[in-house]
Structure formats: structure tokens, C-alpha cells
1. Taking 8 Å as the Cα distance limit and 6 or more residues as the minimum spacing, I'd like the relative contact order of the stretch 113-182 as a percentage.
2. Could you tell me how many cubic angstrom of Cα convex hull volume the stretch 57-98 has per residue?
3. So what does the Cα-only Debye profile of the chain read at q = 0.11, 0.14 Å⁻¹, as log10 I(q)/I(0), no solvent term?
4. Which three extents, in angstrom, do the Cα atoms of the stretch 15-105 have along their principal axes, listed largest first?
5. Taking N as the number of residues in the stretch 88-182, what is its Cα Rg relative to 2.2 N^0.38 Å?
6. Please tell me the relative contact order of the stretch 4-178 in percent, rounded to the nearest whole number, where contacts are Cα pairs under 8 Å and at least six residues apart.
7. What spacing in nm lies between the two simple spin-label points modelled at Thr85 and Ser121, each 7 Å away from Cα in the Cβ direction?
8. Check cross-link reach from Lys161 to the aspartates and glutamates: straight Cα distance under 13 Å, and skip same-chain residues fewer than eight apart.
Amino acid sequence: MAGTDVVMAGFGGQGLMAIGKILAKAAMDEGLQVTWLPSYGPEMRGGTANCVVVIDDQPIGSPVVRQAHAAIVMNKQSIDKFEPTLVDHGLLVINTSLIDRRAERGDLRTVYVAANEVAESEGSGKAANMVMLGAYVGATGIVSPKAVEYAIAKTFEEKPKAAESSVRAFRRGYAAAQGQPS
């Protein structure tokens with residue numbers, strides 16, 4: 001596999017660090033090399049937050065990424081900031097619940113998901129991040145859904161109801177990406 005990376009961006013409190021860690025755990029469980037690098041705005045909850053996950057089958061030299069292969073964007077500020085920085089023909093996963101525009105770059109592969117509404121329908125509005133993670137994994141196949149579901153279960157082993165709703169939300173996001181054109 002050629003190495004790849006994804007930036008996950010939105011407001012603090014939207015669970016971006018959590019899905020970054022879950023993706024990293026799933027990739028490690030599948031025997032891949034991983035780095036996870038968080039970045040917080042000065043405000044923390046409600047301010048900007050993002051993390052970058054780099055995945056490769058070879059050792060990773062640096063967690064710093066100048067142009068990501070993919071971006072999961074949860075809010076308008078994040079799409080405005082990260083869409084222009086993606087590599088040519090990169091992937092952009094857009095939360096249409098909080099972003100009222102389409103991708104501006106025609107070369108990008110885009111996945112549109114109403115993550116907040118999907119999460120609410122699965123019983124937890126807090127699981128919008130899991131919907132977006134599902135859409136990213138469904139669009140890329142970077143790791144198996146089973147590995148992600150295991151990582152979610154381990155992350156929430158003290159909170160079984162949160163684990164269940166998170167897995168359901170992840171599956172809905174995964175299915176949404178599978179149903180969109182390449």
C-alpha cells in the first residue's frame with residue numbers, strides 16, 4: 001500500500017480527536033504503521049480542532065502533512081481552510097448538516113453526508129463524528145469496517161450504549177459513502 005493521510009477538522013467538542021484515535025487503532029490492529037497528530041485552536045471546546053492521521057505499510061518519517069490526501073470536514077471553517085490544501089484528486093468528506101456549500105474544486109472526489117441528522121436518527125447526536133469516519137472508511141477502504149468497529153468497542157468499553165450507537169452511526173456513514181459515485 002502507498003502511504004496516505006487524512007486531516008479531520010471541525011469545532012472542538014465534535015469528537016475529531018476521538019475518531020482520529022479510533023482510525024489509528026484500527027490501522028495498527030491491521031498491522032499498519034500509524035501517526036496521529038492533534039492540533040487545537042486556543043478556545044478548545046467550540047474553537048477549531050483538527051488531527052492528522054498518517055497510515056502506511058512502511059515506517060513513517062514525519063507526522064507533519066503539508067497537503068493531505070483526504071479531509072473530513074465537520075464545519076464551514078474547516079472546508080474553507082482544508083479544501084484548497086488537498087492534493088490533486090484528493091478526497092473531501094463533507095458534513096452537509098453544518099456546511100451549506102458544495103466542494104469548489106472540481107478535481108476532488110467528494111462524499112456528502114448529513115452526519116448530524118444521521119447520528120440523531122441512530123440515537124445519539126454526539127455520534128456525527130462516527131458517521132463521518134464511516135463515510136471516510138467506506139470511500140477509501142483504508143481499513144476494514146470490522147477493525148473500526150472493534151476499535152470503537154474498545155474505546156467505549158465502559159459505555160456500552162455509546163459503543164452501540166457509535167457503531168450504528170459508523171455503519172450508516174460507511175453505507176452512505178458506498179452509495180455515492182466514485
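No lab work stands behind these numbers, since they all come straight from the coordinates. Here the structure is a predicted model, which means the values were calculated and not measured. Here Cβ is always computed from backbone atoms with ideal geometry, including for glycine, and neighbour counts include all displayed protein chains.
1. Values: 101 pairs, mean separation 30.2, N = 70.
Across the stretch 113-182, relative contact order equals 43 percent.
2. Working: hull volume 3.8 nm³, N = 42.
Convex hull of Cα atoms, per residue: 91 Å³.
3. -0.40, -0.67
4. For the stretch 15-105, the Cα spread along each principal axis is 38, 31, 21 Å.
5. Details: Rg = 13.4 Å, N = 95, 2.2 N^0.38 = 12.4 Å.
With N residues counted in the stretch 88-182, Rg over 2.2 N^0.38 Å equals 1.08.
6. Working: 383 pairs, mean separation 36.6, N = 175.
Once normalised by length, the contact order is 21 percent.
7. For the pair Thr85/Ser121, the computed spacing is 3.2 nm.
8. Glu122
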